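To start, the structure itself, in structure tokens.
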Amino acid sequence: MKITAVKGFSDIFPGEVETWQWVEQKAREIFATYCFAEIRIPILEKTELFSRSLGETTDIVEKEMYTFADQDAKGSLLTLRPEGTAGVVRAYVESEMYKIEPVRKLYYMGPMFRRERPQKGRLRQFHQIGVEALGRSDPLVDVEVLLLLDDFFQAVGLESTSLQLNSLGCVDCRPVFRELLLAFLKEREEVLCGNCRRRVERNPLRALDCKEQRCNEATKNAPSILDSLCEACRRHFAIVRQSLAKAGVDYTLNPRMVRGLDYYCRTTFEWTSGQLGAQNAVAAGGRYDGLVQELGGPPIPGVGFAMGVERLTLLLRTKETEKEAGPTLYVVWVGARARDWAFPLVHRLRRRGLKIEMEGEPRSLKSQMRRADKLRAASVLIVGDDELDREKLVVRNMANKQQQEIHLKDLEIELMSRKAT
Ligand code: HAM
């Protein structure tokens, strides 16, 4: 009986992994120009980290986390990370990084886990590339992370995405809006979906971006959070908007976008694509000024985003992406003497950085040539008793089919000159 992968967990095979590597490399290059440094955080954290930071009433904490008992500590629970922000902030607080320098610009890449219903662009193990800028409350850093993302999308050639922008206010003005919205929803409570009705008191904002048609209808004329912003939040948001416009980044205001995580305040955003179907957010994020303190640190602000690598590569796959090149050289050998001569040569050349392939089992010349073709080898080196006796080997260029005889003493220099740069 075959053992299959867990539902919603998928393999990334050669052929598609090259796109992933390319995307990761582009991200590293661009993030470095914005002075973000990589942080690697654990995949497993204490459950409390997520319930406290994401919020008890969020879909993730209520029903999507992979949680199990910690055998080492009675009564404690562990969770496979559903996102990266909480872990990064935990690491920042725990290591007291802020004592040396509070401003930290960090990025991470890796798998996240949410027990959602799998569909196109939605997995249970998925991958995020995310950035978190900690220690700065000025609106320009919000813009900086958005520009970084925009630069990244341009670098990978992602087109026709659109940026949706909102401000969720702060601890001063959000409660005022919350009351306003609650009063509005209470009047329409009976038409809301079960989920929204259940959490209307604890989290009324969620009704605004509920996917149910009935909630959509019911909240059509709901008050807008943008009308409730306090002076400081209004100013902050105005600078974000002006700076984005000046940088030539188009956006749409979406006052109904509340995001599915409770730590957000002020600027929030989602970058969506029309080509993704229902799961249309490629990247999303925002500001979270209370989170460091919520997790036991000093009052230090933060802003960041994460993008879904599966969704990104789905969009890129429709375009022509770079394929992994075949071997620079494929060694075809005939007879045991040729094999024993070629094997150490291949090792030497590999150590010098040449990409080479060679078989271990004797095969006909024809079948080895077919294999070289299949692997998309650039050249083939043919080794047999005859060639070794004459001290002259044949190298065949697979693209133009031209053959060249090379003397043994020149062979390594000549082959190394073919190394891809
Ligand atoms: P999020 O909106 O939950 O935010 O996820 C960010 C992105 O991860 C989504 O836009 C999507 O591309 C991808 N994603 C989420 N769930 C799945 C899934 N089940 N399958 C495939 N892709 C998925 C966060 O996680 C925040 N931590 C972002 C952030 C960083 N905010 C501030 N800093």
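The values are calculated or read from the model by the stated rules, or taken from the named source; none is laboratory data. What you are looking at is a predicted structure, and each value in this text was computed from that prediction instead of being measured. Because the Cβ atoms are built from the backbone with ideal geometry, glycine has one as well, and the counts that use them run over all protein chains shown. In case anyone asks, the SASA skips ligands and DNA or RNA and just uses the protein heavy atoms, side chains included. Shrake-Rupley method; radii C 1.70, N 1.55, O 1.52, S 1.80 Å.
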- Message: Taking the condition of being under 11 Å from VAL332 (Cα atoms), open to solvent by 30 Å² or more (accessible area, probe 1.4 Å) and in contact with a strand residue (DSSP E or B) (Cβ under 9 Å, 6 or more places away or on another chain), how many residues in the stretch 364-387 meet it?
- Response: 3
- Per the filter on the stretch 108-130, residues surrounded by fewer than 18 Cβ atoms within 10 Å (Cβ to Cβ) and farther than 28 Å from GLU29 by Cβ are ARG115, GLU116, ARG117, PRO118, GLN119, LYS120
- Item | Residues of the stretch 25-55 satisfying the condition of being open to solvent by less than 60 Å² (accessible area, probe 1.4 Å) and among the charged types (D, E, K, R) | LYS26, GLU45
- Message: Residues to consider are GLU361, GLU357, GLU391; find the one that is under 17 Å from VAL334 (Cβ atoms), in contact (Cβ under 8 Å) with a residue 12 or more places away in the chain and loosely packed, with under 12 Cβ neighbours inside 10 Å.
- Response: GLU391
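Looking at the stretch 32-128, what helices (runs of 4 or more DSSP H) fall wholly within it and have at least 3 residues that are among the small types (Gly, Ala, Ser)?
85-94
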- Quick count over the stretch 66-79, residues being within 16 Å of the ligand (Cβ to nearest atom) and either small (Gly, Ala, Ser) or surrounded by 20 or more Cβ atoms within 10 Å (Cβ to Cβ) (or both), is 1
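Every residue, every condition in (1) part of a loop (DSSP other than H, G, I, E, B); (2) crowded, with 21+ Cβ neighbours inside 10 Å, yes or no:
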position: ALA207; (1), (2): no, yes
position: ARG214; (1), (2): no, no
position: ARG234; (1), (2): no, no
position: TRP271; (1), (2): no, yes
position: GLN275; (1), (2): yes, no
- Matching option when the condition is farther than 23 Å from ILE41 by Cα and within 13 Å of the ligand (Cβ to nearest atom), among PHE126, PHE153: PHE153
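If we keep just the residues of the stretch 154-174 that are of a type in the set (Ser, Thr, Tyr) and farther than 9 Å from CYS265 by Cβ, which is most open to solvent (accessible area, probe 1.4 Å)?
Checking each candidate, the answer is SER160.
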- Does VAL249 satisfy being open to solvent by less than 40 Å² (accessible area, probe 1.4 Å), farther than 30 Å from GLY194 by Cβ and in a helix (DSSP H, G or I)? no
- Restricting to the stretch 40-69, what's the tally of residues that are farther than 16 Å from PHE113 by Cα and modelled with pLDDT under 95? 3
- VAL145 passes all but one of (1) within 16 Å of the ligand (Cβ to nearest atom); (2) in contact with a Cys (Cβ under 8 Å, 6 or more places away or on another chain); (3) not small (Gly, Ala, Ser); which number fails? (2)
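Residue by residue, here is whether (1) within 10 Å of the ligand (Cβ to nearest atom); (2) over 26 Å from GLN275 (Cα atoms) holds:
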| residue | (1), (2) |
| --- | --- |
| VAL88 | yes, yes |
| LYS99 | no, yes |
| LYS105 | no, yes |
| GLY121 | yes, no |
| GLU159 | no, no |
| CYS170 | no, yes |
